[in-house]
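I am attaching a structure below and will ask some questions about it afterwards.
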Amino acid sequence: MTEPDASLPWTAWREAPITAVAPVTPRVKSFRLAVDFADRFRAGQHVDLRLTAEDGYQAQRSYSIASAPEAGGTIELMIEALPDGEVSGFFAEVAAVGDAIELRGPIGGAFVWGPEDGGPLLLVGGGSGVVPLLAMLRLRALAAPEVPCRLIYSVRGRAEAIALAELETRARDERGFGLSLLTTREGAGRRIDAEAVAEALADLGNPAHVFVCGSNPFVAAAADLLLGAGIAPGRIRTERFGG
Ligand SMILES: Cc1cc2nc3c(=O)[nH]c(=O)nc-3n(C[C@H](O)[C@H](O)[C@H](O)COP(=O)(O)OP(=O)(O)OC[C@H]3O[C@@H](n4cnc5c(N)ncnc54)[C@H](O)[C@@H]3O)c2cc1C
């Protein structure tokens, strides 16, 4: 396997070998890719992946980094298989350990958090939108466990929640971290609402930083609720995955 080339700028496409693949939920798989910046990116950033067909046709998509910056030389991505998804379908059905994937990054300067930014930190994720928030949670646990933090996570059902065991363990064991899991199609079915935001704020206090990530409709609804709860617009940062 070739070593990642540490001399390349983030804008350059390079080959990143897949070193591990694991199921996360029935529709989401985790991929570890060897890169030269595994310990040098900011939680919340993403990479671009590019696939090239034999006839030269190319498709390129963005994927958030789920891991915190760490030694070991790999980053973790979590990719949800969308129905008829051109790139996510390839990762769901074809990609395997040893494949070299074209990648560039890390990318993104606004939707990022680090220990130096402090808190309180409110994270709001819908579906696979939790991925960049997971990087922030993992970094907080490693480097800034004193920062108060709350995650509101909206998913269809528990089986579709990414890293649910990890999140529930963190909520149980990590002082200052709380989890609100909202399941939209299970039990009574609950979407993010003003009450869920109010509960999180009552627990957390006034957040210094709010990060919202998910599909376009999820981000729009959550941002409206956060503004309605009186959070200053300048404190709210959003990332939209599409859909
Ligand atoms: C900054 C950024 C970070 C992202 N991080 C992640 C990540 O960590 N994990 C992840 O799984 N995805 C992530 N995405 C979404 C990802 O880039 C692709 O859009 C997604 O994988 C679909 O690509 P595709 O080629 O499989 O689907 P396409 O072939 O492009 O589309 C297939 C069908 O799905 C619809 N669709 C496209 N995107 C979405 C979506 N996000 N939600 C619902 N329907 C959609 C299309 O309208 C179309 O009907 C991120 C997007 C951005 C912009």
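Please work out which residue is nearest to the ligand (Cβ to nearest atom), limiting yourself to the range 67-86 and to residues that are buried (at least 17 other Cβ atoms within 10 Å of the Cβ) and among the acidic types (D, E).
E80
Also: Quick check: is even one residue across the range 203-211 within 16 Å of the ligand (Cβ to nearest atom) and either in contact with a helix residue (DSSP H, G or I) (Cβ under 7 Å, 6 or more places away or on another chain) or among the hydroxyl-bearing types (S, T, Y) (or both)?
Taking every residue of the range 203-211 in turn, at least one turns out to be within 16 Å of the ligand (Cβ to nearest atom) and either in contact with a helix residue (DSSP H, G or I) (Cβ under 7 Å, 6 or more places away or on another chain) or among the hydroxyl-bearing types (S, T, Y) (or both).
Strands (runs of 3 or more DSSP E) wholly in the range 163-243 with at least 1 residues that are open to solvent by less than 70 Å² (accessible area, probe 1.4 Å) and among the hydroxyl-bearing types (S, T, Y) - which ones?
177-183, 236-240
If you go through the range 87-114, how many residues are in a strand (DSSP E or B) and open to solvent by 50 Å² or more (accessible area, probe 1.4 Å)?
Qualifying residue count for the region: 2.
Scanning for something closer than 21 Å to R240 by Cβ and among the β-branched types (V, I, T), does the range 89-96 turn up at least one residue?
No - not one qualifying residue is present in the range 89-96.
Another question, if that's okay. Residue by residue through the range 26-62, note down the ones that are under 20 Å from L134 (Cα atoms) and in contact with a helix residue (DSSP H, G or I) (Cβ under 6 Å, 6 or more places away or on another chain).
A43, G44, R61
For the range 36-66, which positions are open to solvent by less than 80 Å² (accessible area, probe 1.4 Å), assigned to a loop (DSSP other than H, G, I, E, B), of a type outside the set (F, W, Y) and farther than 18 Å from E116 by Cα?
Result: D36, A38, A53, G56, A66.
Being away from the ligand (no atom under 13 Å from the Cβ), closer than 20 Å to A196 by Cα and either small (G, A, S) or buried (at least 20 other Cβ atoms within 10 Å of the Cβ) (or both) is the filter here; which residues of the range 115-153 pass it?
Of everything in the range 115-153, those that are away from the ligand (no atom under 13 Å from the Cβ), closer than 20 Å to A196 by Cα and either small (G, A, S) or buried (at least 20 other Cβ atoms within 10 Å of the Cβ) (or both) turn out to be G119, L121, L122, L123, V124, L137, C149, R150, L151, I152, Y153.
Quick test of your reading of the structure: G56 fulfils all but one of (1) out of contact with any Lys or Arg (no Cβ under 7 Å at 6 or more places or on another chain); (2) within 15 Å of the ligand (Cβ to nearest atom). Name the failing condition by number.
(2)
Quick one: Y153 ticks every box in (1) closer than 19 Å to I79 by Cβ; (2) of a type outside the set (S, T, N, Q); (3) in contact with a Leu (Cβ under 6 Å, 6 or more places away or on another chain); (4) in a loop (DSSP other than H, G, I, E, B) bar one, so which box is it?
(4)
Here's another thing I want to ask about it. Only one of (1) within 17 Å of P9 (Cα to Cα); (2) within 12 Å of the ligand (Cβ to nearest atom); (3) out of contact with any Ser or Thr (no Cβ under 9 Å at 6 or more places or on another chain) is not met by F91, so which one is it?
(1)
The values are calculated or read from the model by the stated rules, or taken from the named source; none is laboratory data. Being a predicted model, the structure only gives us computed values, none of them experimental. So basically every Cβ, Gly included, is an ideal-geometry build from the backbone, and we count neighbours across all protein chains shown. Note: accessible area is taken over every heavy atom of the protein model, side chains too, but ligands, DNA and RNA are not part of it. Shrake-Rupley method; radii C 1.70, N 1.55, O 1.52, S 1.80 Å.
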